[in-house]
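This report concerns only the one structure given below.
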Amino acid sequence: MNRRTMLRTLGAGLASLWLNALHAAAGRRFKYSVCNEVFEKLEFAPACKAIREAGYAGIEIAPFTLAEHADEISAARRRELQDIMRSEGVAFVGLHWLLLTPKWLHVTTADRAVREKSWAYFLKLIDLCADLGDKGIMVLGSPKQRASQGNSPEEAVKHLRDGLASVASHAGDRGVTIALEPLAGKDTDVVNTLDQAVGSSRRSTIRRSSRCLIFTTPPTSGSRSMLW
């Protein structure tokens, strides 16, 4: 049973007991966050409350749960979301499921126009992340939107490296960290192992910005929590 299924099946009360057991096993060295996509049918404030009651200390936000396009989230709404997280007692950790919408997004496609437009949109997501909280982490998973499309996996990896390099300085300026997440081969053919993720980041972004890291949770098809 993955975390998403566990939360939906057991509810916040039993999930809290499960988290307490994890805390005890880890000696409370870590704080846990969870993706708001698990609670996407709830409005944002009730979702934050449910996350806190389940025992999580932080929230990861999937942009598509807020709007189809980042431009639709006004400055006032971004401040309101900050206030809600603060009032409900959950910390903003960052963004995940970055590229689910708009539907045309694809950062490694052979179509240069779409690729460039997608990386330009990525800059908007960096701004969204920075506007929602300090030192946010953007988890770059998005298996379909980074898989090879009209090109080889090797060519797609090169486009991924080049794209990360193009946005790294802006991420650094906004205090945002980009986390490249290795994913299982059944989900994508681009960056499946930690070694591949390290290679991609070292060749593109780390040399240009300190705001890049490797997401070190082993590839999995289930929902996961982030430790920070």
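Every number in this text was worked out from the coordinates using simple rules, so none of it is lab data. This is a predicted model, so every value here is computed, not measured. So basically every Cβ, Gly included, is an ideal-geometry build from the backbone, and we count neighbours across all protein chains shown.
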task = Give me the lysines in straight-line cross-link reach of LYS31: C-alpha distance below 24 Å, same-chain residues under 8 apart excluded.
result = LYS49, LYS135
request  = For GLU43 and PHE64, compute 0.36 nm times the residue count separating them, minus their Cα-Cα distance, and round to one decimal in nm.
outcome  = 6.2 nm
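Based on the mean of other beta carbon atoms within 10 Å per residue, what is the order of 79-88, 133-142, 165-174, most packed first?
Answer by packing, highest mean first, reads 133-142, 165-174, 79-88.
Give, as a single signed number, the net charge of other residues whose beta carbon lies under 15 Å from the beta carbon of ASP131, with Lys and Arg counted +1 and Asp and Glu -1.
For residues surrounding ASP131, the net value is 0.
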inquiry  = Let me check I've understood the local charge: for PHE64, count other residues with C-beta under 12 angstrom from its C-beta, Lys and Arg +1, Asp and Glu -1. What total comes out?
reply    = -3
inquiry  = Run the reach check for LYS117 against lysines, Cα to Cα strictly under 19 Å, same-chain hits fewer than 8 apart removed. What comes back?
reply    = LYS103, LYS144, LYS158
query = Residues with beta-carbon under 13 Å from that of SER118, excluding SER118: net charge, scoring Lys, Arg +1 and Asp, Glu -1?
reply = +4
